[in-house]
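Student: Quick one: the structure is below, questions incoming.
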Amino acid sequence: MDYLAAFAISGSGMTVEKMRLDVTAMNLANVNSSRGADGTMFQPLRVVSGVRTDPRFEAAMAAWGVQLGGAQVQQLVPTDAPPRMVLEPGHPDADSRGFVSYPGINPVAEMTNLITAVRTYEANVVALNAAKTMAQRALDIGGGGR
Amino acid sequence: MSIDAVGFIPSATAQAIESKLPGSAVGTGTGTGAAPASGFGDWLASEIAQVNDKIQSADKKVQDLALGKASNLHDVMIALEDTKLSFQLMVQIRSRVLEAYQDILRMQV
């Protein structure tokens, strides 16, 4: 069923963007986290996504020699951003010179990620609605002259 | 089952349609070996049963969402839309069948 393939593809895109938003929210939430429960510093994460071949779509595209499908999260990689050093003598996590290391998170870049994720999610919803509208127009064939 | 009178359906298409219907004489046997009496009615019943299964699984997903077990919202919405389209298709088939039935009822004897 190829309209179901369109649904599955848009849905996988939404899943990826949702993951991107979750990870960005996690990064933003930990801007001021000096250490985790295990004592190590939080390292900002980044979502790496890639194409996922969908068996339902492969059959339709095989005639053109292409393999297409939805998207999927390939991996969650910690960025190698250097820690942000803040002079806070007396802080329990301060080093011998009085500096506390916070995760190297760039709030501006994270906000940009956030906006991109939301807009891409919206684009996936629009694509899905277009597929749905197309299927509904097909069901209108021969019915009541609309 | 012969559709010779309806000339605009290519015979290859007609054969393909007939071979999909269980219990049709032309069908080369899909392996299930349905009873000869079964036909369009049984096929329609199985399709309706599939739509019913879809409705029930969508219902289950909404229940999971309400219970906080769903992993994401869009999967539930996509399942609902999918179910809605299947149901609309079923309603369209029903109205076409009823139209044909009423056309036959109106026939002059």
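The values are calculated or read from the model by the stated rules, or taken from the named source; none is laboratory data. Keep in mind that what you see is a predicted model, and the values were worked out from it rather than measured. Note that we place each Cβ from the backbone using ideal geometry, even for glycine, and neighbour counts take in every protein chain shown.
Student: Tell me which residues, restricted to region A:75-112, are closer than 13 Å to residue A:24 by Cα and among the aliphatic types (A, V, I, L, M).
Tutor: A:76, A:77, A:105, A:108, A:109, A:111
Student: Collect the residues in region A:1-11 that are facing chain B (nearest Cβ under 10 Å) and under 14 Å from residue B:79 (Cα atoms), keeping them in residue-number order.
Tutor: A:3, A:4, A:7, A:8, A:10, A:11
Student: Would you mention how many residues in region B:64-109 are farther than 22 Å from residue B:53 by Cβ, charged (D, E, K, R) and part of a helix (DSSP H, G or I)?
Tutor: Residues that pass the stated criteria total 3.
Student: Then there's this: Looking only at residues that are basic (Lys, Arg) and away from chain B (no Cβ under 14 Å) in region A:12-56, which one is nearest to the chain's Cα centre (by Cα)? Spell out the reasoning first.
Tutor: Residues of region A:12-56 basic (Lys, Arg): A:18, A:20, A:35, A:46, A:52, A:56.
So of that shortlist, the ones also away from chain B (no Cβ under 14 Å) come out as A:35, A:46, A:52.
Details: A:35: 25, A:46: 9, A:52: 14 Å.
So the residue we want is A:46.
Student: Restricting the search to region A:2-53, which residues are exposed (fewer than 14 other Cβ atoms within 10 Å of the Cβ), touching a residue at least 40 places away in the same chain (Cβ under 8 Å) and within 15 Å of residue A:69 (Cβ to Cβ)?
Tutor: A:2
Student: Being at pLDDT 90 or above and within 13 Å of chain A (Cβ to nearest Cβ): is that true of residue B:82 here? Before the answer, list the steps.
Tutor: Working: at pLDDT 90 or above: yes; within 13 Å of chain A (Cβ to nearest Cβ): yes.
Here the answer is yes, as residue B:82 does meet what is asked.
Let's see how each residue does on (1) surrounded by 12 or more Cβ atoms within 10 Å (Cβ to Cβ); (2) under 29 Å from residue A:10 (Cβ atoms); (3) away from chain B (no Cβ under 14 Å):
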{"position": "A:85", "(1), (2), (3)": "yes, no, yes"}
{"position": "A:91", "(1), (2), (3)": "yes, no, yes"}
{"position": "A:112", "(1), (2), (3)": "yes, yes, yes"}
{"position": "A:116", "(1), (2), (3)": "yes, yes, yes"}
{"position": "A:132", "(1), (2), (3)": "yes, yes, no"}
{"position": "A:139", "(1), (2), (3)": "yes, yes, no"}
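Student: If a residue has to be in contact (Cβ under 8 Å) with a residue 40 or more places away in the chain, surrounded by 16 or more Cβ atoms within 10 Å (Cβ to Cβ) and more than 23 Å from the chain's Cα centre (by Cα) to count, how many in region A:93-110 make the cut?
Tutor: Final tally of qualifying residues: 3.
Student: OK, next. From A:68, A:128, which residue is modelled with pLDDT under 90 and either more than 14 Å from chain B (Cβ to nearest Cβ) or in contact with a helix residue (DSSP H, G or I) (Cβ under 9 Å, 6 or more places away or on another chain) (or both)?
Tutor: The match here is A:68.
Student: Quick one: which of A:63, A:29, A:5 is modelled with pLDDT of 85 or more and either small (Gly, Ala, Ser) or under 30 Å from residue A:88 (Cβ atoms) (or both)?
Tutor: Only one candidate passes the filter, namely A:29.
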